[in-house]
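A.B. asks: Sharing a structure below in C-alpha cells format, with a few things to ask.
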Amino acid sequence: MNKKVLAIYYSQTGQLRHIIDSFTAPIIAAGCIVENVQVKLVNDYPFPWAARDFYGVMPDCVFEVPAQLEPIKLQQQHYDLVILGYQPWFLWPSIPVNSILNNPEFKSILKDTPVITIGEARNMWLNAYDRIRQKLKASGAKLVGNIALVDRHVNIISFVTIFHWMLGGKKDRYLNLFPKPGVSDEDIAHASVYGATVAARLADNNWDNLQSELLSQKAVVVKYPLMLLETTAIPTYVKWAGFINNRSNPGPWLQAFKYYIYVALFLGAPVLLTLDALFIKPFSSKKIKTKTENYLQVN
Ligand SMILES: Cc1cc2nc3c(=O)[nH]c(=O)nc-3n(C[C@H](O)[C@H](O)[C@H](O)COP(=O)(O)O)c2cc1C
C-alpha cells in the first residue's frame with residue numbers, strides 16, 4: 001500500500017511522541033510511508049517548568065498567540081492522510097499546536113486532505129479539540145477522526161500528579177504514594193488498536209463513519225462532570241487572560257490565577273457538581289446529550 005501519511009506534533013516530555021509511534025506502527029506495518037515530524041520551537045519552553053513560566057503562558061494560550069517554529073520541511077506536497085497530535089494547555093490548544101495550525105507549509109497541504117487528530121491531556125481537552133476542529137475546517141481540511149487519550153485517575157489526583165511531573169520533570173509516582181501521571185503505558189500501547197482501524201481505511205481511502213468505529217473502540221470518552229467543569233471554566237479563563245494582559249506587572253496576578261485554580265478545583269468544583277446534580281442535570285438530559293455528542297463527533 002503506497003499511501004503517504006504525515007504525522008505531525010509537538011511533544012515536550014515525549015508522551016505524545018510515544019502515542020504517535022504506537023498509533024502509526026500498524027499504518028507503517030501495512031506498507032504506508034509515514035513521515036513523522038516532531039516540530040520544534042525556535043525558543044522552546046524549558047522542561048521541567050518553573051512555576052512562574054508555567055502559569056505565564058496562560059494568556060498566550062487563551063488568546064492563541066503563535067510562537068515561532070523552526071522551519072517545517074515536508075517531503076510531499078500532498079498526503080493521503082494527515083495525523084495531527086495535540087495537547088491542551090490551559091484548556092486551549094497548546095501554543096506549539098496552535099503554531100503548527102498557523103504554519104503556511106502545514107496549511108498548504110490541508111486543503112481537501114483527510115485529517116485525524118489525536119489528543120493527549122490530563123483530562124480537559126474539549127475546548128482545545130473544538131478550536132482545532134474549527135481551524136482545520138477553515139483551512140479546508142476534512143476531519144475524519146479524533147482520538148483523545150487522558151489520565152484516567154480522578155480529577156484531583158491527576159491535578160496533583162501532573163504538577164509533580166511538569167514542575168519536577170519525572171513521570172513517576174509522587175511520594176511513592178500517588179499513581180503515575182499522564183496517559184498510562186497501557187493506553188499508550190493501546191493506541192495501536194486505533195492505528196490498525198485507520199490502516200484498514202487507508203487501503204481504499206474510505207473514511208465514511210470512521211469516527212463511529214473509533215467511538216465503538218472507546219477512542220474518545222466524554223465524562224459529564226469534566227465537561228461541566230471545563231465548559232464552566234472557559235469564560236473565566238478568558239476574563240483572567242484579558243485582565244492579566246492588561247497589567248503592567250502581571251507577576252502577582254499570575255500568582256492570583258494560580259490560587260484561583262486551586263480554589264476552583266478544591267472548593268468550586270465540588271459545589272458546582274453538587275448544585276448541578278440537584279438542580280440542573282436531572283432536567284437537562286437532552287441538552288447534555290447534544291453537548292456530549294458535539295465533542296464525540298468530528299463535524
Ligand atoms: C502549560 C501546560 C498547561 C496544561 N494544561 C492542560 C489542560 O488545560 N488540560 C489538560 O487536560 N492537560 C493540560 N496539560 C497537560 C498536557 O496537555 C499534556 O498532557 C502534557 O503536557 C504532556 O504533553 P507532551 O507530550 O507535550 O509532553 C498542560 C500542560 C502544560 C505544560
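A.B. asks: Taking the Cβ-Cβ separation of residue 178 and residue 239 as r and a Förster radius of 35 Å, what is the calculated FRET efficiency to the nearest 0.05?
C.D. replies: 0.65
A.B. asks: Sticking with this one: Kirkwood Rh over alpha-carbon pairs of region 167-241, then Stokes-Einstein at 20 °C and 1.002 mPa s: what D in µm² s⁻¹, rounded to an integer?
C.D. replies: Result for D is 133 µm²/s.
A.B. asks: To the nearest Å, what is the center-to-center distance of region 21-75 and region 2-19, using C-alpha atoms only?
C.D. replies: That distance is 9 Å.
A.B. asks: GNM on the chain, C-alpha springs below 10 Å: top fluctuator among 251, 145, 56?
C.D. replies: 251
A.B. asks: Given an 8 Å cut-off on Cα distances and at least 6 residues of separation, report the relative contact order of the chain as a percent.
C.D. replies: 20
A.B. asks: Here's a follow-up. Can you tell me the orientation of helix 251-263 relative to the chain, as the angle in degrees between its alpha-carbon axis and the longest Cα principal axis, to the nearest 10?
C.D. replies: 90
A.B. asks: Continuing with this model, one more query. At 0.36 nm per residue, and after removing the present C-alpha to C-alpha distance, how many nm does the segment from residue 193 to residue 36 gain when stretched out fully?
C.D. replies: Length difference between fully extended and current span is 54.6 nm.
A.B. asks: Let me ask you something else. Nearest 5 is fine: what % of DSSP beta bridges in the chain come out antiparallel, could you say?
C.D. replies: Around 10 percent of the beta bridges assigned by DSSP in the chain are antiparallel ones.
A.B. asks: How much space per residue, in cubic angstrom, does the convex hull of the C-alpha atoms of region 225-294 take up?
C.D. replies: 85
A.B. asks: What trypsin sites (Lys or Arg not before Pro) in region 1-105 are in a loop by DSSP, with at most 10 other Cβ atoms within 10 Å of the Cβ?
C.D. replies: When the trypsin sites (Lys or Arg not before Pro) of region 1-105 are filtered for loop state and at most 10 Cβ neighbours within 10 Å, 73 remain.
A.B. asks: Under a straight-distance cross-link criterion of Cα-Cα below 18 Å, which aspartates and glutamates are reachable from residue 180, leaving out those fewer than 8 residues away in the same chain?
C.D. replies: Straight-line reach from residue 180, under 18 Å: 120, 151, 172.
A.B. asks: Given 171/218; 107/239; 142/286; 107/223; 111/135, which pairs have Cα atoms separated by over 23 Å?
C.D. replies: With Cα atoms farther than 23 Å apart: 171/218; 107/239; 142/286; 107/223.
A.B. asks: Applying the Karplus parametrisation 6.51 cos²θ - 1.76 cosθ + 1.60 with θ = phi - 60° to the phi angles of region 74-86, what ³J(HN,Hα) value in whole Hz is obtained for each residue in order, glycine and proline being reported as x?
C.D. replies: 9, 7, 10, 9, 9, 10, 6, 7, 10, 10, 10, x, 9
A.B. asks: Let me ask you something else. Once both axes come from the Cα atoms, what is the angle between helix 126-138 and the longest principal axis of the chain, in degrees from 0 to 90, rounded to 10?
C.D. replies: Orientation of helix 126-138: about 40 degrees from the principal axis.
A.B. asks: Given that compact globular proteins tend to follow 2.2 N^0.38 Å, what is the ratio of the alpha-carbon Rg of the chain to that value?
C.D. replies: Cα Rg divided by the expected 2.2 N^0.38 Å: 1.00.
Each value in this text was obtained by applying a stated rule to the coordinates, not by laboratory testing. Quick caveat: nothing in here was measured; it's all calculated off a predicted structure. Using ideal geometry, Cβ is built from the backbone for each residue, glycine included, and neighbour counts are taken over all protein chains shown.
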